[in-house]
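Single-structure report; data block below.
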Amino acid sequence: MAGGWKDRRFRVRTGANYRLRTSSFIFYFVLILFVLCTIGLLFLSQRQISAVDRDPFSRSEHFQVSEEQLWGSSFGYGYHACVKPTSKYSAPQILDQYVTVRSNGGLNQMRTGISDMVAVARLMNATLVIPQLDKRSFWQDTSTFGDIFDETHFIETLKGDINIIREFPKEFESVPRARKHFTSWSNAGYYEETSKLFKDYKVIHVPKSDSRLANNDLPIDIQKLRCRSLYHALKFSSPIETLAKKLVGKLRSKGKYIALHLRYEKDMLSFTGCTYGLNNTQAEELRIMREKTSHWKMKEIDSMEQRKGGFCPLTPKEVGIFLRALGYAKSTWIYIAAGEIYGGDTYLSELRSHFPNLVTKEMLVRKEELEKFTKHATQAAAIDYVISVESDVFVPTYTGNMARSVEGHRRFLGHRKTITPDRKGLVELFDLMDKGELEEGPKLFSLITQMHKYRQGAPRKRYGSLPGSKGRARLRTEESFYENPLPECICLTGKP
């Protein structure tokens, strides 16, 4: 009996020891597993921290920025183009009186000026002779109207509005002509009064065409005519359209793209007096150029004041920070719609380091295909114009004629996404970065995003004159009709 008790005691102790050894094994196994997992997590965290140190705007910080936010447009919010004449609009009167025009400025200054002259010819019951283009401007371009625009399309599209002829009749070459500088931003009454000149002259020659019509308070049919002229009649010539569409196709094959109107060009920097980030030699070169350009009135310009006021184009480096802050990935394709960038790769490299898919027309097609356009700045600008209008997102770095025209056209086509940088606000942030008081990171991302929440081309009525402006000076402060032709040429669905 005692032996049986000992056997039972042995079996109990043996079972307890076995359970103890098993528990100890599990404990040590779990402990080792825990240590290994901790080391792995620490290693992974360190790699993530290093990645953020290298790229403070890594995609992990932009996970809340959706594709719709980056690329989506407003889809018009129910607005559509509306340019058909009203029921009161009549056929043009063909009278024996003519208007000849020399369109001044660059491409977009000439385009809007020609559209104004179409409306003026209608107001004055005159036949418009195909305009001559500016050959004496900064670009020294010898292009004719037919080189840039489809002449036949222009005449045919507007035949229900005005009479247009290709050349001035030879029988009138010796008749007296009135040379008339039309007053800027004039109303319909001014041109009706001016048309009395036709009692003494058969021909009125207009040496300048830009900004000859008011932005506001014109008859609705005149405003709609301006839109029909600019967006329908002034179609680019076949060579320009063909190459531009080919370039758009190449960009589309890569996916969505941004058209960047990078106005960091020699003439613009000289004209505005903006030398931030340039060396002394470059700043002096720009000053001399401004001094020698007789029709630029401002000679002495404080570069720092210009920049603080938001009157300077963004630099390539600033554009890179801006686009990264908005959430655009490093893989984003960006087309530079501009001429030669001042300083070349010295400054472009700062933008390309963040966006390596940065391209120009010269990088997308063969040299021979561009050869006929390279010596004609206006034709090259027309190619950039088409690519900008067709882009998924348009970003102008300065508010010039091209930027305003493209924005207006994109509004007309359904309010396509146009992000207009708040240059004054951005400069304040960039200056804080220069002082070391702000870094690239979530805070800057948030500030820039909020700053541009309502600067992306959504529908709105055209701005009037600035508060406090008086007399004719107030007309200069109005938003351009061609920058935002709403409400005359853009209407809510269901309205004519």
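The values are calculated or read from the model by the stated rules, or taken from the named source; none is laboratory data. Values in this document were obtained by computation on a predicted structure and should not be read as measured data. Cβ atoms come from the backbone with ideal geometry, glycine included; neighbour counts cover every protein chain shown. With ligands, DNA and RNA removed, areas are computed over all heavy atoms of the protein, side chains included. Shrake-Rupley method; radii C 1.70, N 1.55, O 1.52, S 1.80 Å.
Report the paramagnetic label zone for R136: residues of segment 198-220 whose backbone N is under 11 Å from a point 7 Å from Cα along the Cα-to-Cβ axis.
207-208
Using only the Cα atoms of segment 102-141, each taken as one equal point scatterer with no solvent, compute I(q) by the Debye sum, divide by I(0), and report log10 of the ratio at q = 0.19, 0.28 Å⁻¹.
Values, matching the q order: -0.54, -0.91.
With θ set to phi - 60° and the Karplus curve 6.51 cos²θ - 1.76 cosθ + 1.60, what are the ³J(HN,Hα) couplings of segment 143-150 in order, to the nearest whole Hz, using x for Gly and Pro?
Listing the rounded values in order: 4, 9, 4, x, 5, 9, 10, 7 Hz.
Over the chain, average the accessible area per residue using a 1.4 Å probe and give it in Å², no decimals. Could you put the intermediate results ahead of the total?
Details: 26210 Å² over 496 residues.
About 53 Å² of surface per residue is accessible.
Based on the Cβ-Cβ distance from S446 to S331, what FRET efficiency comes out when R0 is 30 Å, to the nearest 0.05? Don't skip to the end; give the middle numbers.
Working: r = 23 Å, r/R0 = 0.77.
Efficiency, from the Cβ-Cβ distance: 0.85.
Expressed in whole Å with the largest first, what are the equivalent ellipsoid semi-axes of segment 105-221 derived from the C-alpha gyration tensor as the square root of 5 times each eigenvalue?
Details: eigenvalues 88, 68, 49 Å².
Equivalent-ellipsoid dimensions as semi-axes: 21, 18, 16 Å.
Using only the Cα atoms of segment 288-372, what semi-axes does the equivalent ellipsoid have when each is the square root of 5 times a gyration tensor eigenvalue? Give whole Å, largest first.
Numbers: eigenvalues 159, 93, 18 Å².
Taking √(5λ) for each Cα gyration eigenvalue gives 28, 22, 9 Å.
Angle, helix 401-412 long axis vs. longest principal axis of the chain, Cα atoms, 0 to 90°, nearest 10?
The helix 401-412 is inclined about 80 degrees to the chain.
Place a label point 7 angstrom from the Cα of K292 along the Cα-to-Cβ direction, then list the residues of segment 110-143 whose backbone nitrogen is under 18 Å away.
136-141
Once you list every other residue whose beta carbon is under 11 Å from the beta carbon of K299, what net charge do they have if Lys and Arg are +1 and Asp and Glu are -1?
Details: positive: R287, R290, K292, K297; negative: E291, E300.
Net charge around K299: +2.
Around M451, what is the net charge, scoring Lys/Arg as +1 and Asp/Glu as -1 over all other residues with Cβ under 15 Å from its Cβ?
Around M451, the surrounding residues sum to +2.
Rounded to two decimals, what ratio of Rg to Rh does segment 221-274 give with C-alpha atoms and a Kirkwood Rh?
On the way: Rg = 16.8 Å, Rh = 14.7 Å.
Computed over Cα atoms, the ratio is 1.14.
Just going by the charge dipole of segment 378-496, with Lys and Arg at +1 and Asp and Glu at -1 on Cβ, which of A380, M402, G468 is farthest out on the positive end?
Positive-most Cα among the choices belongs to G468.
Would you mind checking which residues have amide H under 5 Å from R416's amide H? H placed 1.01 Å from N; only 5 or more apart, or other chain.
Those qualifying (amide H under 5 Å, at least 5 residues apart or on another chain) are R411.
Based on the Kirkwood radius over alpha-carbon pairs, what value in µm²/s does the Stokes-Einstein equation return for the translational diffusion coefficient of segment 385-496 at 37 °C and 0.692 mPa s? It would help to have the intermediate numbers written out before the result.
On the way: Rh = 16.1 Å.
In µm²/s, the coefficient is 204.
Rounded to the nearest 20 debye, what is the charge dipole size of segment 92-242 about its Cα centre when +1 sits on each Lys and Arg Cβ and -1 on each Asp and Glu Cβ?
Using only the charged Cβ atoms, the result is roughly 300 debye.
Going toward the positive end of the dipole of the chain, with +1 on Lys and Arg Cβ and -1 on Asp and Glu Cβ, which of T144, P176, F271 do you reach last?
Value computed over the given set: F271.
To two decimal places, what compactness ratio does segment 298-441 give when its Cα radius of gyration is scaled by 2.2 N^0.38 Å?
Details: Rg = 16.3 Å, N = 144, 2.2 N^0.38 = 14.5 Å.
This ratio for segment 298-441 stands at 1.12.
Compute the relative contact order of the chain as a whole-number percentage, counting only Cα pairs closer than 8 Å that sit 6 or more residues apart in sequence.
Numbers: 727 pairs, mean separation 98.6, N = 496.
Answer for the chain is 20 percent.
Applying 1/(1 + (r/R0)^6) with R0 = 45 Å to the Cβ-Cβ distance of E193 and K299, what FRET efficiency is obtained, to the nearest 0.05?
Working: r = 37 Å, r/R0 = 0.83.
Given R0 = 45 Å and the Cβ-Cβ separation, E is 0.75.
Excluding I288 itself, what net charge comes from residues whose Cβ is under 12 Å from its Cβ, given Lys and Arg +1 and Asp and Glu -1? Mind showing how you got there, number by number?
Working: positive: K266, R287, R290, K292, K299; negative: E284, E285, E291.
That works out to +2.
Which three extents, in angstrom, do the Cα atoms of segment 108-176 have along their principal axes, listed largest first?
33, 30, 21
Towards the positive end of the charge dipole of the chain, with charges on Cβ (+1 Lys, Arg; -1 Asp, Glu), say which of T100, I240, T418 has the farthest Cα.
The residue sitting farthest along the positive end of the dipole is T418.
One quarter of the convex hull surface, Cα atoms only: what value does that give for segment 309-356 in nm²? If you can, show how the numbers build up before the last one.
Numbers: hull surface 15.2 nm².
If you wrap the Cα atoms of segment 309-356 in a convex hull and average its projections, you get 3.8 nm².
Per residue of the chain, what 222 nm ellipticity follows from adding -39500 (n - 2.57) for every DSSP H run with n ≥ 4, rounded to the nearest 500? Before the final figure, lay out each step's value.
Numbers: 20 runs with 225 residues, N = 496.
About -14000 deg cm²/dmol.
Quick check: pseudo-label points 7 Å beyond the Cα along Cα→Cβ at R252 and Q93, how many nm apart are they?
4.6 nm
Under 5 Å between amide hydrogens, which residues at least 5 positions from T127 or on another chain qualify, with H placed 1.01 Å from N in the peptide plane?
Correct list: L95, Q97, Y98, V99.
Mind putting a number on the dipole of the chain about its Cα centre? Charges go on the C-beta only, +1 for Lys and Arg and -1 for Asp and Glu, and I need it in Debye to the nearest 20.
Numbers: 75 positive and 56 negative charges, 393 e Å.
Magnitude of the dipole: close to 1880 debye.
Based on the Kirkwood radius over alpha-carbon pairs, what is the Stokes-Einstein translational diffusion coefficient of segment 152-263 at 20 °C with 1.002 mPa s viscosity, in µm²/s? Walk me through the intermediate numbers first.
Working: Rh = 17.8 Å.
The Stokes-Einstein estimate is 120 µm²/s.
On the first, second and third principal axes, largest extent first, how far apart are the outermost C-alpha atoms of the chain in Å?
147, 58, 54
Around Y257, which amide H atoms from residues at least 5 apart in sequence, or from another chain, sit under 5 Å from its own amide H, with H modelled in the peptide plane?
D392, V393
Could you check how many percent of all C-alpha pairs in segment 198-331 are farther apart than 25 Å?
Working: 5320 of 8911 pairs.
In whole percent, the share of Cα-Cα pairs in segment 198-331 beyond 25 Å is 60.
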